[in-house]
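Written out below as structure tokens is the structure these notes cover.
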Amino acid sequence: MLRILFALLILTGFSQIKAQTPVRYSLGLDNIHHHELRITATFSDLTGETLEIRMPNASPGRYAAHNFVKNVYEEMAFDAAGNQLPLKRITPFSWEIPVTEGIVNFAYTLYGNHADGTYMGIDAKKIHMNMPPTFVYAPELQDREIELIIPASNPEWEVATQLIKKNDSTFSAPDYYYFYDSPTLVGEISWRRWDVEGQTIEIAMMHEGTEAELDSYTEWVKKVVKKQQEIYGSLPKFDFGKYTFLVAYNPWVDGDAMEHRNSTVCTGTGSLRANAHQYISTIAHEFFHAWNIERIRPASLEPFDFDVPNLSEALWFGEGFTSYFEKLVLTRAKILEPEQYIKGLVGGLNYVLNSPGRSFRGPIEMSHNAPFTDAGTANDETNYANNFISYYSYGAVLGLGLDLTLRTKYDKTLDEYMRAVWLEFGQTEIPYTMADLQKVLGELTRDPGFAAAFFERQIYDSNLPDFEALFAEFGIKMSLQNPGSAYFGNPKLDDDGYVQSTILRGTAFYEAGIEKGDQILTMNGREISTTSDLNRVINSLEIGKEYTVTYKQFGKEKTGTFTTVQDPRITLSYLSNDKLKKAVIKRRNRWLHLE
């Protein structure tokens, strides 16, 4: 839908394809110091007897329901003459209003004090608007042009957005889909701009640091843009020739990041001086989404539903493969040292390799679980530690394994795979399926059997490659982190010996029948009171032997037995060139761009 509309925009312009009056939103800023906006939405050229108005429940880039309507109140409706109209609440998220003379003005107060990549925050320092938590919409008018009027309330404030600027106070979008994908910052902004392939890349930053710090950070961002451009062969064609990094690094925001079609929001509560490495990693992740997710788009996210979260099987690819390239790009850009990069892989590998969750779900099922784990909340306790693995981490490990496999077996790379998917489904903006991803992999390797086996074993099932053998081909030694130590899954106790953490399947305590909340008394005959006591006893146990543990469960003392197994967690060592064959050095250099 969007690519057809944008083609029309380029050829004909807004005025020729938009015959009806735009939906207009105006902002009342009188009470922003109390985190309140007064918003008036004007819906014109209405033909029905009633108008339904809804508050979104989902947001682009997120996969869970967010109940944005919870911060809407003082809602009122008026006709063109200012006469109040009756409101009928028809669902928790929507209202019905009678239409007179084809116009409805809907006014409401919105509270917002959570400025990040998903929600919205307003105060005397800024207006930080993500659109779904800010603006109601009329379902029957989804194809209307949208106009947003932002009054000038502070001479020092500027507006940063991917919306089209009509004048100093009016910004527009071709339709609701684009409008809801267009976060907007208003405040004191520092700008940096440069051109790439005839398009403008800009940073609009609200921060408390110095201009010199922003200059240095901008150089890092330029390197990230260049390295990601090299992966895909070209930048996307941004719809209006511009891509904007909307950045807020200061104490008045919450940490988060979210990709959008021609922009991204990146927020952090720290400073550039103290947190630049952390923040540039987020930049690398979100900009990669300009290709992967925003244009290389799974069919399951099309069209995006603002009322009910979409169910997608592809987040291991859209989010996970993006996570894999995040740190790899920083290494190639010389922002992260190769040894640091390899060390940083250990945590994700241990999480995915050793998680009990893989016995329940593969990456597709983990992706399906996104509506409950992507900022989703639950009052009741979950068992995610045992049955869920983040599709970010899972996909990153799958991407790593596939990249190393392609490089060793086929003299191909994951870069080339992403570029092939981009050319077939991204540039053309044809939504892909799992079968499409498998087909492209088979074409790249000229081995459809390999592609079929990879998807059957690692995507539809939950198998993983032999990472020890793969790493050896790149001069990286994989070994046990704690040889000779028993595996307990790092349980945490309070000072009275009560278990505070989830007991993982496959660990000694799980075998012995212990659960979170139980009180550990003794193990192998030695008294246990704290986590330190427990670790000392664990370190004294021999692998393959049976031991007993006593504990209290619901006030009753019990005895359990377990047989110790080797702690499976691994570590990685970056071997020096003088210990490696030339072919291994060449392969590693090509992977990390060290030449």
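Any read-out appearing in this document is the output of simple, stated calculations on the displayed coordinates, not a laboratory observation. Source: prediction; values computed, not measured. Heads up, the Cβs are rebuilt from the backbone with ideal geometry, glycines too, and the neighbour counts pull from every protein chain shown.
Extending 7 Å from the Cα toward the beta-carbon at both S169 and Q566 defines two label points whose distance is 7.2 nm.
Determine the alpha carbon to alpha carbon distance for each of K439/K581; K165/K222; K226/K412 and list only those over 27 Å. Beyond 27 Å: K439/K581.
Of [x] 45, 23, 23; [y] 35, 33, 24; [z] 46, 31, 23, which is the value of semi-axes √(5λ) of the Cα gyration tensor in Å derived from the coordinates here? Of the listed options [x] 45, 23, 23; [y] 35, 33, 24; [z] 46, 31, 23, [z] comes from this structure. Among M120, M76, M478, sorting on how many other beta-carbon atoms sit within 10 Å of each Cβ, with the fewest leading, yields M76, M478, M120. Put the Cα centre of region 111-141 next to the Cα centre of region 326-352 and the gap is 35 Å. Here the calculated FRET efficiency for L423 and A212, from their Cβ-Cβ distance with R0 = 56 Å, stands at 0.90, rounded to the nearest 0.05. Full extension of the segment from N524 to E339, taken as 0.36 nm per residue of separation minus the current Cα-Cα distance, would add 62.6 nm. A helix-only calculation puts the chain at -8500 deg cm²/dmol for mean residue ellipticity at 222 nm, using -39500 (n - 2.57) for each DSSP H run of at least four residues, averaged over all residues.
A Förster radius of 56 Å, combined with the Cβ-Cβ distance separating N539 from R89, puts the computed FRET efficiency at roughly 0.35. Counting every other Cβ atom within 10 Å of each residue's Cβ, F179, F321, F238 order from fewest to most as F238, F179, F321.
Sparsely packed loop sites in region 529-595 (the chymotrypsin sites (Phe, Trp or Tyr not before Pro) outside DSSP H, G, I, E and B with at most 11 other Cβ atoms within 10 Å) comprise F554. Taking GluC sites (Glu not before Pro) across region 480-542, the ones in a DSSP loop with at most 12 further Cβ atoms lying within 10 angstrom of their Cβ are E542. Listed by chain and number, the lysines whose alpha-carbon sits under 22 Å from that of K516, ignoring those within fewer than 8 places in the same chain, are K492, K552, K556, K558.
For region 42-52, the Karplus equation 6.51 cos²θ - 1.76 cosθ + 1.60, evaluated at θ = phi - 60°, returns couplings of 10, 10, 10, 6, 7, 10, x, 7, 9, 10, 8 Hz by residue, with Gly and Pro reported as x. For region 537-595 versus region 384-412, the spacing of their alpha-carbon centroids is 19 Å.
Counted by Cβ distance under 12 Å from L110, the other residues give a net charge of -1, where Lys and Arg count +1 and Asp and Glu count -1. Along region 339-345 the Karplus relation, 6.51 cos²θ - 1.76 cosθ + 1.60 evaluated at θ = phi - 60°, assigns HN-Hα couplings of 5, 5, 4, 5, 4, x, 6 Hz to successive residues, with x for each Gly and Pro.
Among the GluC sites (Glu not before Pro) in region 174-214, those located in a DSSP loop and surrounded by at most 14 other Cβ atoms within 10 Å of their own Cβ are E188, E197, E208.
Each residue in W157, W95 was given a count of other beta-carbon atoms within 10 angstrom of its own, and listing them fewest first yields W157, W95.
Computed from backbone phi with θ = phi - 60° and the Karplus coefficients 6.51, -1.76 and 1.60, the 3J(HN,Hα) list for region 208-222 is 9, x, 9, 5, 5, 5, 5, 4, 5, 5, 4, 4, 5, 4, 4 Hz; x is used for glycine and proline. Each Lys or Arg adds one and each Asp or Glu takes one away; over the other residues whose Cβ falls under 12 Å from the Cβ of I122, this sums to 0. With a simple spin-label model that places each label point 7 Å from the Cα along the Cα-to-Cβ direction, the separation between E557 and T21 comes to 8.1 nm.
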